[in-house]
Amino acid sequence: MNLKISALQFTREVKTGNISVEDFIGKTMEHIEKVDGNLHAFLSLNDNAVNQARDIDKKIKSGDKIGQCFGMPISIKDNICIKDTKTTCASKMLENYIAPYDATVITKLKQQDAIFVGKVNLDEFAMGLSTEFSAYGPSKNPWNTDYVPGGSSGGSAVSVSAFECVASLGSDTGGSVRNPASFCSTVGYKPTYGLISRYGLISYANSIEQIGPLTRTVEDAAFMLNLIAGLDSNDNTTINNNNADYLKDIDSGIEGKKIGIIKEMIGEGINPTVLSATKNAISKLEELGAICEEVSLDMVKYSVAAYYAITTTEAGSNLARYDNLRYGYDFSVEGYAFNAYIEKARKKLGPEVTRRMILGGFVPSSGYAGKYFLKALKVKSKLTRQIDEAFKKFDLLISPTVPILPFKIGEKINDPASLFLIDINTVTANLTGKPAISIPYAISNGLPIGIQLIANSMNDKLLLQAARALEKTVKLPEVPI
Ligand code: GLN
């Protein structure tokens, strides 16, 4: 059984009767058992997956109506709620939390007969970019297990890249889908803000975050988007996309398209190998008929500072509910004075989340809000104006997804500021609400490099077409697992 197939290939193989869902899911679960002890992508597994596969095979045999996923094995980041399933956010705080409802993306995928093989690892509450801040230990990069897989959706990227599922859902607040996709050589796509419902995604910084797919191919990302995008009455920030078909015309190419190379994302601090891969990608795009030219977005230099001021502020209020009275891990209130009780409960949050809570209390506080929070909002709107201006001239923008190569586990964990800076190329799309994608582009000394494309709001279709065109020029070695 070949587990190394794309999501669309999987649906075709099942449709034509070449593989049974039970076989594929059974082999997938065996493969997870075999490799995940080392990789640690999963926090929990679906014990019922093979039974669900058998039911889908029965449905297919009897000619019943069958959803577009045909029993496809999907992993889900553990900050997205699946009813009656543990949803820990990789935090001790939610160690025993069983979600009482399905996220909208889960409802939609269930309707399409997807099988959720398990919940995957992340930095605690999605704060980080290496999965080292997971309270349950880091995931490892399948390309070299001494290295981080990126994050925060590290478990998603590892599970796709190591063939433990065919696709995954992650969440991207400042790069958390694209960063691990880049580090693990998968596709990672953050749609236009509002295109996918956030209902049932446990909020970190809800004004800028989106759920997004991690897949093996750009076509698979478009396929997933077809299944999960659209208006949702449970999330009033969602946009009506008129049931757009993102797969249709995906091979249109990029001839004549104008692509801006973001100057501030290829400058100071960039690894030379990453820079040369980016230059190579640009010349490939030119060969395909695109017109590439440098463009400056000078607000990018303040984007990381603004991002952390805004996200810690939102996180400070979003995570206030974890007080062990409404949400928490359950110890008896008896015998505690109120403050002592709350203090004990909040100690269940790990060091990075605690750091963000302290910042999130300070940044918007009276006397400092003008200096930090309001200034950050100004940067956000100026950056948005600049990028909107750039999109008057360009159809797309390009940069490396991450300015550096994957780093070793433990290498940067004690230097949070250096971790923050690694987000420099990804946060702009979140702060401005634009869609962005990372595609696998090169392997340097056995470590992956991803290229990022950004499009204007609601131009997700064009973005996927361009990513597909670039993807077709790439031939990479297989992951050594
Ligand atoms: N590294 C960023 C952060 O720590 C991005 C995280 C994310 O996108 N969830 O906030």
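Quick note: the coordinates plus some simple rules give every number you see, no bench work behind them. What you see is a predicted model; the values in this text were computed from it and never measured. Backbone-built Cβ (ideal geometry, glycine too); neighbour counts: all protein chains shown.
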Using per-residue counts of other Cβ atoms within 10 Å, averaged over each peptide, order 172-183, 140-151, 401-412, 329-340 from highest down.
172-183, 140-151, 401-412, 329-340
Can you give the relative contact order of segment 166-266 as a percent, counting alpha carbon pairs under 8 Å and 6+ residues apart?
27 percent
Cβ under 14 Å from Gly260's Cβ, Gly260 left aside: what net charge do those residues give with Lys, Arg +1 and Asp, Glu -1?
-2
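Decide, for segment 125-222, between rounded, prolate and oblate: order the square roots of the alpha carbon gyration tensor eigenvalues as a ≥ b ≥ c, take rounded if a/c falls under 1.5, and otherwise choose prolate if a/b is larger than b/c, else oblate.
Working: a/c = 2.09, a/b = 1.24, b/c = 1.69.
It comes out oblate by the Cα gyration axes.
Count neighbours as other Cβ atoms within 10 Å of each site's Cβ, and list the trypsin sites (Lys or Arg not before Pro) in segment 309-400 that are DSSP loop with at most 13 such neighbours.
Arg326, Lys347, Lys371
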Cα-based equivalent ellipsoid of the chain: semi-axis lengths in Å, sorted from largest, via gyration tensor:
31, 30, 21
So for the chain: antiparallel DSSP bridges make up what percent, rounded to the nearest 5?
65 percent
Using alpha carbons only, how many angstrom separate the centre of segment 193-212 from the centre of segment 268-335?
14 Å
How large is Rg over Rh for segment 51-156, taking Rg from the Cα atoms and Rh as the Kirkwood inverse mean of 1/r across Cα pairs?
1.07
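Any idea what the relative contact order of the chain is, in percent, if you count C-alpha pairs under 8 Å spaced at least 6 apart? Mind dumping the intermediate values first?
Values: 1100 pairs, mean separation 82.6, N = 481.
Value for the chain: 17 percent.
Determine the dipole magnitude for the chain: charges of +1 sit on the beta-carbon of Lys and Arg, -1 on that of Asp and Glu, nothing else is charged, the reference point is the Cα centre, and the result goes in debye to the nearest 20. Spell out each step's value before the answer.
On the way: 52 positive and 52 negative charges, 140 e Å.
For the chain, the charge dipole is close to 680 debye.
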I need the Debye-formula profile for segment 375-454: one equal scatterer per C-alpha, no solvent, reported as log10 I(q)/I(0) at q = 0.17 1/Å, two decimals.
-0.80
Whole Å is fine, so just give me how far the alpha carbon centre of segment 397-448 lies from that of segment 1-55.
30 Å
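Under 37 °C and 0.692 mPa s, how fast does segment 306-373 diffuse according to Stokes-Einstein, given a Kirkwood radius computed over C-alpha pairs? Answer in µm²/s, whole number. Present the calculation step by step, with values, prior to reporting the outcome.
Details: Rh = 12.9 Å.
Rounded, D is 255 µm²/s.
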Under the Debye formula (equal points on every Cα, no solvent term), log10 I(q)/I(0) of segment 169-299 at q = 0.10 Å⁻¹
-0.41
List the GluC sites (Glu not before Pro) within segment 219-298 that DSSP assigns to loop and that have no more than 15 neighbouring Cβ atoms inside 10 Å.
Glu255, Glu268
When the charge dipole of the chain is computed with +1 at the Cβ of Lys and Arg and -1 at the Cβ of Asp and Glu, the Cα pointing farthest to the positive end, of Val35, Asn51, Ala376, is that of Ala376
Please give me the summed charge of the neighbours of Leu383: other residues whose Cβ is under 12 Å from its Cβ, Lys and Arg +1, Asp and Glu -1.
+2
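Within the set of other residues whose C-beta is less than 13 Å from the C-beta of Glu22, count the net charge using Lys and Arg as +1 and Asp and Glu as -1. Working shown, then result.
Working: positive: Lys27, Arg54, Lys58, Lys59, Lys61; negative: Asp23, Glu30, Asp55, Asp57.
That works out to +1.
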